[in-house]
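A.B. asks: Here you go, one structure.
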Amino acid sequence: MGPEEDGEFAAYVADRRAKVRRTAYLLCGDWHRADDLTQIAFVKLYGAWSRIRDRGALDAYVRSCLVRATVDESRRPWRRERAVEVVPDNPAPSDTASTVAEQQLVRAALAQVPLGQRTVLVLRYFEGLDVAATAAALGCSEGNVKSQTARGLAALKAALGGMDGLPGGAEPGTSGKGTEVDQG
């Protein structure tokens with residue numbers, strides 16, 4: 001790549017790094033692994049940068065690399081570790097303790113959802129992709145996305161155990177106003 005393409009790549013990475021890292025965290029549940037996955041996705045993007053003609057498709061390409069890297073990393077033997085019950089470095093409670101507690105509750109529940117279902121939930125509800133875009137990102141059918149979404153929401157609800165810890169008392173799969181969210 002020439003200096004102009006390097007500059008475009010650097011600008012893209014600087015602009016999108018935080019969002020890609022957050023998505024990676026939601027996929028794997030660990031900030032250190034999220035950093036690794038983000039780096040893997042951007043390295044793959046760098047290798048393909050000169051071949052990508054449609055710059056509007058960069059986000060989709062990075063998302064695809066990120067999902068593939070997450071699946072690849074989860075298959076490695078050293079990734080079969082189990083999380084401990086108590087995290088050694090818990091932050092001290094603050095004024096935003098309830099917000100943090102809700103976020104931790106949802107993250108812990110999300111970590112219990114199987115990887116494929118968690119991936120669909122992150123792409124659908126965090127990334128805001130519709131069913132067709134999620135299917136394209138994962139390379140599967142729309143029906144598979146719909147069934148994985150339904151199963152993932154059910155698993156998330158089961159993991160939350162019916163606790164009232166959700167924001168506004170909302171159940172997963174509802175908007176918080178008692179109406180069902182369109183799942184595709």
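A.B. asks: Filter the range 9-68 down to residues that are more than 12 Å from the chain's Cα centre (by Cα) and in contact (Cβ under 8 Å) with a residue 60 or more places away in the chain, then give me how many there are.
C.D. replies: 1
A.B. asks: Looking only at residues that are modelled with pLDDT of 80 or more and polar (S, T, N, Q) in the range 79-117, which one is nearest to Gly161 (Cα to Cα)?
C.D. replies: This residue is Gln112.
A.B. asks: Counting only residues that are more than 19 Å from Arg75 (Cβ to Cβ) and in contact (Cβ under 8 Å) with a residue 12 or more places away in the chain, which one in the range 102-111 is surrounded by the fewest Cβ atoms within 10 Å (Cβ to Cβ)?
C.D. replies: The residue in question is Arg107.
A.B. asks: What residue, of Gly152, Gly143, is part of a helix (DSSP H, G or I), modelled with pLDDT of 90 or more and closer than 20 Å to Asp30 by Cα?
C.D. replies: Every option except Gly152 fails the conditions.
A.B. asks: Among the residues of the range 128-154, which ones are within 21 Å of Ala111 (Cα to Cα), among the small types (Gly, Ala, Ser) and surrounded by fewer than 20 Cβ atoms within 10 Å (Cβ to Cβ)?
C.D. replies: Matches in the range 128-154: Gly128, Ser147, Ala150, Ala154.
The values are calculated or read from the model by the stated rules, or taken from the named source; none is laboratory data. Everything numeric in this text was worked out from a predicted model, so none of it was measured. Glycine gets a Cβ as well: all are built from the backbone with ideal geometry, and neighbour counts include every protein chain shown.
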